[in-house]
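What follows is calculated from the coordinates using simple rules that are stated; it is not laboratory data. In this text, all values refer to a predicted model and were calculated from it rather than measured experimentally. So basically every Cβ, Gly included, is an ideal-geometry build from the backbone, and we count neighbours across all protein chains shown.
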Amino acid sequence: MTTTSTMDKADFKSKLLTHFDTFQRGAAQDNSPRTLSALQQDAFQHFRTLDLPTTRHEEWKYTNLRNLLQNDFSFATAREASALSAAELAPHLMEHGDANVLVFVNGFYRRDLSNLVSPVEELHVENIGQAREKYTEAIDKYFARVADYQKDVFTAMNTAISDNGAFIFVPANKVLQKPVYLYFITDATRGNVVSQPRNLYVLGRNSQATFVESFRTAGEYIGFTNVVTEVVTQENAVAEYYKIQNETANAHHIGTTQALQGRDSKFSSTTISLSGSLIRNNLNIVIDAENCESNLYGLYVLNGKTHVDNHTLVDHARPHSYSNELYKGILDGKSTGVFNGKIMVRPDAQKTNAFQTNRNIVLSPEAAMNTKPQLEIFADDVKCSHGATTGQLDEEMLFYLRSRGIGQKAAKALLMQAFAGDVLNHIRLEPVRNYVENVIQNRFHTNA
Amino acid sequence: MRDEHQLHAAVVELVAHTKAEIKYSTVQNWYPGDKEGKGGIYNFVTKRGICMGDSAKISWTQVETGSAITWKYPSVILKGDNSIGEFYSVAVTNNRQQADTGTKMIHIGKNTKSRIVSKGISAGKSQNSYRGLVEVHRRAENARNFSQCDSLLMGDKCGAHTFPYLEIKNSTAQVEHEATTSKIGEDQIFYCNQRGIDTEAAVALIVNGYAKEVLKQLPMEFAVEAQKLLAISLEGSVG
Amino acid sequence: MLSIRNLHAAIDGKEILKGLNLEVKAGEIHAIMGPNGSGKSTLASVLAGREEYEVTDGEVIYNGTDLLELSPEDRAREGIFLAFQYPVEIPGVSTTNFLKTAVNEVRKYRGQEPLDAVQFLTRMKEKMKLVNIDQALLSRSLNEGFSGGEKKRNEIFQLAMLEPKLAILDETDSGLDIDALRIVAEGVNKLRTRDNAVVLVTHYQRLLDYIVPDFVHVLYKGRIVKSGTKELALQLEEKGYDWIKEEVSA
Ligand SMILES: Nc1ncnc2c1ncn2[C@@H]1O[C@H](COP(=O)(O)OP(=O)(O)OP(=O)(O)O)[C@@H](O)[C@H]1O
Ligand SMILES: [Mg+2]
């Protein structure tokens with residue numbers, strides 16, 4: 001077994017290396033030769049030397065990539081990405097109303113399907129590959145500075161290969177009135193495909209903005225999305241970030257969201273996983289300034305064979321900050337979940353308040369949940385807590401509802417909605433909340 | 001007062017049969033010794049209870065402010081189905097005192113429940129530990145436990161420690177453990193002062209608020225005594 | 001109302017305030033801005049009576065009395081309110097219970113009867129509306145587990161309940177989103193009368209769009225190095241502090 005697994009990995013990696021050559025020659029883009037930045041070269045060197053993880057790797061103990069890596073993938077090209085039509089896109093959209101919409105197919109920006117409604121004083125958008133010309137300072141200061149490609153092989157791969165994705169800049173003192181919806185569609189209608197979008201959102205001093213990333217796969221082939229998003233909140237800025245995954249049973253997703261917070265800033269993230277084959281979400285927040293606030297919410301409602309692994313890290317490096325994390329999960333069928341949440345409080349970070357909670361309901365005997373909360377505290381005047389529970393629906397509550405004439409199925413659905421409500425109530429964007437509520441309500445009423 | 005130590009070693013055993021309910025409350029303020037830790041009582045007590053019959057309930061409540069050293073772990077064996085065990089504790093240590101206290105909840109019957117609320121307050125150069133065991137036996141279907149262990153530190157020369165042990169041998173169990181550690185320091189006192197509350201009133205307010213969940217388990221007249229006792233035990237520990 | 005003359009203050013032997021002068025009259029709003037570490041919070045702490053700070057020179061006269069002679073609680077009782085940059089948390093003590101104690105201690109000092117439960121509740125309800133704060137928040141332990149914005153709003157709520165004469169708000173606007181900022185600012189504006197005064201410590205000109213100051217001062221290296229009107233704040237937002245630093249060293 002071990003030998004095959006090394007084989008697979010070697011195969012996957014050699015394919016990637018070949019792809020990188022092609023990319024460098026420009027074939028993957030538009031046949032014009034590309035010059036790679038020194039940073040991309042460096043990331044590539046790291047990708048070459050880093051191992052693809054196995055379950056012996058502590059951070060991948062509960063998530064096995066063997067099935068994913070043994071597939072034969074083709075790497076996304078711009079030409080193929082242009083195939084998806086507006087009509088084919090439509091079913092993947094939320095009812096977001098009047099909002100900024102950016103569509104990426106297989107990682108490539110589709111200007112024709114996108115629409116910006118906010119005035120340019122509030123919102124600047126560029127394809128990340130071209131952003132450096134105009135936003136030299138921001139790119140040099142933040143691009144790939146916080147997402148660690150030196151240690152994470154998937155981030156290295158993304159950094160080396162991708163120069164497609166969104167660069168968004170919100171200028172100082174501007175409140176972006178309309179949210180930005182980013183749709184990342186992996187088009188697997190013609191074959192197995194890897195897509196690697198790369199995003200950077202920079203919020204200037206005192207600014208405020210909301211981002212929604214929605215991940216969807218079209219077609220029955222195997223899709224593999226390897227995404228990296230970096231979010232920077234400068235002094236006193238407020239960012240709200242949503243990541244919604246409602247994928248096909250053949251969709252694989254490995255994503256890293258990396259936030260860097262400036263003084264007095266606020267970052268809140270909500271990660272919702274509804275379906276897919278294998279999903280791994282890394283969410284890393286670096287609080288390197290005083291008086292920051294970070295909120296991390298997560299909800300996973302799983303059935304079938306879906307596997308979802310949420311890895312979060314809140315790194316408190318400076319005093320007087322607050323972080324609060326709440327992840328909840330409902331697992332049915334043969335689904336499996338992983339929650340690995342780490343709070344780090346460095347010696348300088350006195351007066352830190354950091355809280356973490358993970359609660360799970362396991363509905364079927366074949367579903368499983370692994371929870372690993374970790375607190376690493378090096379300062380003495382701090383307040384930190386964590387709590388984790390895994391259990392079943394409360395029989396007494398269920399009985400109570402049934403004794404009032406509510407059927408078993410409806411009673412269960414009601415309790416599960418209440419359970420999920422703790423997270424859903426934090427979603428401030430109504431279209432997103434409605435979308436998620438609809439999906440899970442249908443699920444509860446058909447599956448329960 | 002004397003320089004040497006005395007020993008207090010008592011044994012209390014409780015048995016609750018079907019549908020019986022026992023509530024056992026203690027407020028302990030033995031001589032703790034002087035500031036340097038000279039003298040004082042060694043308070044080594046064995047307290048255990050068993051819920052023999054179905055739907056029996058045993059509830060321990062304790063307020064520990066005295067003694068040089070306290071070792072005390074009131075426990076409940078939950079043998080009868082649907083039986084309930086509770087442990088509510090406030091332990092205050094100041095100067096050189098040591099308190100090591102906690103509980104054991106042994107779930108054997110079906111649908112048994114236990115609840116643990118422990119509030120430690122350490123000041124001066126004292127040491128305050130919570131040591132507890134929640135054990136769910138193989139055949140104890142649907143056992144439930146909730147534990148809340150909080151520590152309040154006053155000053156930076158004292159210590160608070162929590163040693164929870166959870167041994168779960170039945171998969172239908174729901175066991176929850178929560179722990180917090182916080183510090184009452186000059187910051188908090190100054191905050192109260194800034195709102196017009198003097199230091200003495202501030203300490204009383206903070207400590208009684210913190211221990212409220214346990215104090216309200218005590219009979220009324222006991223509770224008033226206990227509140228005063230807390231304030232006296234901590235006199236001069238801040239500001 | 002408040003007159004600070006040549007104030008020098010030190011902590012751990014290190015001089016932070018180095019001859020600060022400030023005059024605040026009833027009915028005025030003063031904004032104090034300045035780079036990080038310039039001494040803004042130190043000034044607030046000295047006025048509120050934090051004992052770690054040693055006043056080495058100068059005087060502070062508040063309504064005709066020597067403020068520096070009073071204990072922190074007596075300063076509060078005389079009507080000085082500090083909204084803390086980092087409000088502390090007190091587990092187990094609800095905001096309601098805390099405020100009831102504070103309000104009645106202040107009343108006792110002024111020779112007034114304590115408010116009974118009903119009177120206190122009525123007053124609370126009224127002020128809750130004023131600053132748009134939730135009952136649920138007030139029943140929780142004081143500031144415990146509150147988000148940054150909730151803490152700041154709670155400070156303003158306490159300000160409303162205690163009705164001080166001189167309110168010092170230390171960065172009450174930091175870390176607030178635009179909606180929370182508006183609520184806080186409105187709260188302050190509603191509490192403004194001809195008899196009280198407000199000192200706003202802030203980094204962000206944005207707050208001053210909502211609470212319009214009569215004077216803006218720049219605190220730099222422990223001294224007020226420039227004073228002006230609200231236009232000065234706009235200038236600072238645009239140009240930063242470098243030009244002021246140059247002026248000072250020139
Ligand atoms: N306990 C202390 N010991 C030594 N130095 C201190 C202490 N507290 C504050 N200082 C120093 O005093 C100076 C002024 O601090 P203060 O908090 O008043 O600044 P501030 O203007 O409020 O800054 P900010 O804008 O960051 O809130 C800083 O250099 C700070 O490092
Ligand atoms: Mg300050």
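Can you tell me how much longer the chain between residue C:56 and residue C:179 gets when fully stretched, taken as 0.36 nm per residue apart minus their C-alpha distance, in nm with one decimal? Please list the in-between numbers first.
Working: separation 123, 0.36 × 123 = 44.28 nm, distance 4.19 nm.
Working it through step by step, the gained length comes to 40.1 nm.
Report, as an integer, the average count of C-beta atoms from other chains found within 10 Å of each Cβ along B:173-186. Spell out each step's value before the answer.
On the way: counts 1, 5, 3, 5, 4, 5, 4, 7, 6, 11, 7, 3, 2, 4.
Per residue, the average neighbour count from other chains is 5.
Around residue C:131, with a cut-off of 9 angstrom between Cβ atoms, what is the net charge of the other residues, counting Lys and Arg +1 and Asp and Glu -1? Intermediate values should be presented prior to the final figure.
On the way: positive: C:127, C:129, C:153, C:190; negative: C:186.
Neighbour charge sum, excluding residue C:131 itself: +3.
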Nearest 0.05, what FRET efficiency do residue B:213 and residue C:235 give at R0 = 60 Å with Cβ-Cβ as r? 0.65
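Looking at chain B, identify the longest residue range that excludes and avoids all trypsin sites (Lys or Arg not before Pro) in DSSP loops having at most 16 other Cβ atoms within 10 Å.
Working: sites that count: B:2, B:19, B:35, B:38, B:138, B:139, B:157, B:169, B:216.
With a cap of 16 other Cβ atoms within 10 Å, the longest stretch comes to B:39-137.
Tally Lys/Arg at +1 and Asp/Glu at -1 over every other residue whose Cβ is under 13 Å from the Cβ of residue A:96; what's the total? Present the calculation step by step, with values, prior to reporting the outcome.
Numbers: positive: A:178, A:433; negative: A:95, A:98, A:213, A:430.
Here the charged neighbours net out to -2.
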Hey, in the GNM for chain A with a 10 angstrom Cα cutoff, which one of A:79, A:145, A:359 fluctuates hardest? A:79
Order by neighbour count: B:147, A:85, B:89, B:55, fewest other Cβ atoms within 10 Å first, most last. A:85, B:55, B:147, B:89
If each residue's Cβ is checked for other Cβ atoms within 10 Å, how do C:66, A:264, A:148 rank with the fewest at the top? C:66, A:148, A:264
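In a shell of Cβ-Cβ distance under 9 Å around residue C:39, excluding residue C:39 itself, what net charge do Lys and Arg (+1) and Asp and Glu (-1) give?
Working: positive: C:18, C:40, C:221, C:223; negative: none.
Once all neighbours under 9 Å are counted, the net charge is +4.
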For A:397, A:369, what ranking results if the residue with the fewest other Cβ atoms within 10 Å of its Cβ goes first? A:397, A:369
Mind telling me which of A:197, A:319, A:347 comes out most flexible in a GNM of chain A, alpha-carbon contacts under 10 Å? A:347
Shape call for chain B, from the Cα gyration tensor axes a ≥ b ≥ c (a/c under 1.5 means rounded, otherwise prolate when a/b beats b/c, else oblate), comes out prolate
Measure up C:40/C:190; A:351/C:230; A:243/A:342; A:372/B:216 against 28 Å on the Cα-Cα distance and list the ones that go over. A:351/C:230; A:372/B:216
Multiplying the sequence separation of residue A:400 and residue A:249 by 0.36 nm and subtracting their Cα-Cα distance, what value in nm do you get? 50.7 nm
Taking loop as defined by DSSP and a crowding limit of 16 other beta carbons within 10 Å, which trypsin sites (Lys or Arg not before Pro) in region C:3-90 fit? C:25
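Taking every residue in C:84-97, how many Cβ atoms of other protein chains lie within 10 Å of its Cβ, on average?
On the way: counts 4, 3, 7, 2, 11, 8, 12, 12, 13, 10, 2, 0, 0, 4.
If you average over the peptide's residues, the count of other-chain Cβ atoms is 6.
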Can you tell which of B:174, B:28, B:194 shows the greatest fluctuation in a Gaussian network model of chain B with Cα springs below 10 Å? B:194
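Quick one: Cα convex hull volume of region B:156-213, Å³ per residue? Write down the numbers at each step before the final one.
Working: hull volume 6.4 nm³, N = 58.
Here the figure is 110 Å³ per residue.
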Pop a pseudo-label 7 angstrom from the Cα along the beta-carbon direction at both residue A:130 and residue B:157 and give the gap in nm to one decimal. 6.9 nm
Report the label-to-label distance for residue A:151 and residue B:169 in nanometres (one decimal), using points 7 Å from each Cα along the Cα→Cβ vector. 4.1 nm
Cross-link partners of residue C:129 among aspartates and glutamates (Cα-Cα below 17 Å; sequence separation of 8 or more within a chain): C:150, C:155, C:163, C:179, C:186
Once you average over the residues of C:141-153, how many Cβ atoms of partner chains fall within 10 Å of each Cβ? 4
How high is the FRET efficiency between residue A:348 and residue A:414 when r is their beta carbon distance and R₀ equals 51 Å, given to the nearest 0.05? 0.65
So, in Å, what gap is there between the alpha-carbon centers of region B:34-108 and region A:395-448? 41 Å
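By its C-alpha gyration tensor, with a ≥ b ≥ c as the square roots of the eigenvalues, how is the protein assembly as shown shaped: rounded for a/c under 1.5, else prolate for a/b larger than b/c, else oblate?
Working: a/c = 2.03, a/b = 1.17, b/c = 1.73.
The shape class here is oblate.
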Between residue A:366 and residue A:438, what length in nm is gained on full extension when 0.36 nm per residue of separation is reduced by their alpha carbon distance? 23.4 nm
Give me the one-decimal nm value for the distance between modelled label points at residue A:57 and residue C:243, 7 Å along each residue's Cα-to-Cβ direction. 5.3 nm
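Considering every pair of different Cα atoms, what Kirkwood radius, in Å, is found for chain C? Write out the running numbers ahead of the final one.
Working: mean 1/r = 0.0533 Å⁻¹.
So the Kirkwood estimate lands at 18.8 Å.
Give the percent of DSSP beta bridges with both residues in region A:9-289 that are antiparallel, rounded to the nearest 5. Before the final figure, lay out each step's value.
Values: 7 of 75 bridges.
Roughly 10 percent of the beta bridges in region A:9-289 run antiparallel, per DSSP.
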Degrees between helix B:199-215 axis and first principal axis of chain B (Cα, 0 to 90, nearest 10): 10 degrees
Under a Cβ-only charge scheme (Lys and Arg +1, Asp and Glu -1), can you give me the dipole magnitude of the protein assembly as shown about the Cα centre, in debye to the nearest 20? 2120 debye
Span per principal axis, largest first, for the Cα atoms of region A:9-289 (Å): 50, 42, 41
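Which FRET efficiency, nearest 0.05, do residue A:14 and residue A:41 yield, Cβ-Cβ r, R0 22 Å? Before the final figure, lay out the partial values.
On the way: r = 19 Å, r/R0 = 0.87.
My answer for the efficiency is 0.70.
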